[in-house]
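Everything on this sheet refers to the single structure shown next.
The values are calculated or read from the model by the stated rules, or taken from the named source; none is laboratory data. The model shown is predicted, which means the values in this text are computed figures rather than measured ones. Counting neighbours? That spans all protein chains shown, and the Cβs are built from the backbone with ideal geometry, glycine included. Surface areas here come from the heavy atoms of the whole protein model, side chains and all, with no ligands, DNA or RNA. Shrake-Rupley method; radii C 1.70, N 1.55, O 1.52, S 1.80 Å.
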Amino acid sequence: MGKLNGKVAIVTGATAGIGTGVVECFAEEGAKVVITGRSIDKLNKALEIIKSDNLYVIEWDISDLSILENNMNKSISFLGGLDVFINNAAFLNHIETNVSFFDKTINTNLKAVYYTCDFVAKYIVANNNGAVGKIINISSINAYQNSIHPYYISKSGLESITKGFAKEYANKNVIINGIAPGYCASSINKVDVEKNAFDSRSKNRRIIIPEEIAEIAVFLLSDAANGIVGQTIVCDGGALL
């Protein structure tokens with residue numbers, strides 16, 4: 001407990017699954033967190049689940065770049081600064097692919113991540129007086145599984161964004177890394193681990209749970225991980241082996 005005391009963070013897409021797991025872990029470790037999502041009702045439900053006085057919610061569709069600066073400034077004002085940003089929001093349509101879904105996927109999973117990384121990195125350099133700031137991009141093992149599906153394409157592109165921004169800002173006290181979950185008990189995968197934790201695709205035959213991703217994030221945010229730069233940590237139960 002207390003590994004993140006004094007840290008202030010923004011977590012996108014935090015109304016369920018990995019996002020909620022990360023926020024809950026951060027709150028337990030002492031961080032003050034702004035959580036975002038497209039539905040205020042779901043955000044308020046997340047608040048009821050997590051139960052922390054150090055949380056603030058903003059209804060925010062991260063793919064809408066026209067409101068990015070305003071919502072960033074609103075979040076920073078509440079937090080009193082910013083030293084941690086978690087790009088977790090994602091869009092996935094399992095059923096069909098058309099131009100609308102393709103654009104929504106790229107805009108949410110790739111374009112929004114690019115511009116949030118750009119904003120946050122520049123903010124940290126300009127305002128944190130040389131203190132280290134960190135960004136974590138939540139990717140997926142789909143980034144390494146070749147497919148023409150827009151979601152897979154977006155996660156492959158996310159790898160380049162993570163490495164590119166990490167390379168650009170490593171000497172400016174901004175450390176950027178990623179986490180690539182495997183088949184996870186998250187809303188995007190429509191998995192309820194309480195009903196069934198078995199997964200035949202993973203070598204250990206079980207679903208990854210959000211708390212495991214959250215613990216990796218806490219490690220990457222610690223000083224022990226300051227030498228890890230531009231890497232994506234895969235947590236998939238051996239699915240890619």
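Observations on the model:
- Within the range 83-102, the set of residues being part of a helix (DSSP H, G or I) and either surrounded by 15 or more Cβ atoms within 10 Å (Cβ to Cβ) or touching a helix residue (DSSP H, G or I) at 6+ places or on another chain (Cβ under 9 Å) (or both) comprises Phe101, Phe102.
- Taking residues in the range 154-169 that are basic (Lys, Arg), and partners anywhere that are part of a helix (DSSP H, G or I), the pairs with Cβ atoms closer than 9 Å and at least 6 places apart or on different chains are Lys155/Asn109; Lys155/Leu110; Lys155/Ile141; Lys155/Asn142; Lys155/Ala143; Lys155/Tyr144.
- Residues of the range 210-222 satisfying the condition of being touching a residue at least 40 places away in the same chain (Cβ under 8 Å) and more than 16 Å from Asn142 (Cβ to Cβ): Pro210, Glu211, Ala214, Glu215, Ala217, Val218, Leu220, Leu221, Ser222
- Condition met for Gly21 (open to solvent by less than 30 Å² (accessible area, probe 1.4 Å) and not β-branched (Val, Ile, Thr)): yes
- Condition check for Leu4 on (1) touching a strand residue (DSSP E or B) at 6+ places or on another chain (Cβ under 6 Å); (2) open to solvent by less than 10 Å² (accessible area, probe 1.4 Å): one failure, at (1).
- Test: residue in the range 54-63 that is over 14 Å from the mean Cα position of the chain (by Cα), among the charged types (D, E, K, R) and modelled with pLDDT under 95: no
- Within the range 194-241, restricting attention to residues that are in a helix (DSSP H, G or I) and open to solvent by less than 30 Å² (accessible area, probe 1.4 Å), the residue that is nearest to Gly30 (Cα to Cα) is Val218.
- Looking across the range 232-241, the residues that are without any contact (Cβ under 8 Å) to a residue 60 or more places away in the chain and either charged (D, E, K, R) or within 28 Å of Asn171 (Cα to Cα) (or both) come down to Ile233, Cys235.
- Residue check for Asn107: crowded, with 16+ Cβ neighbours inside 10 Å and in a helix (DSSP H, G or I): yes
- Reported count of residues in the range 124-150, each being in a helix (DSSP H, G or I), open to solvent by 10 Å² or more (accessible area, probe 1.4 Å) and either under 13 Å from Thr232 (Cα atoms) or in contact with a Phe, Trp or Tyr (Cβ under 8 Å, 6 or more places away or on another chain) (or both), is 4.
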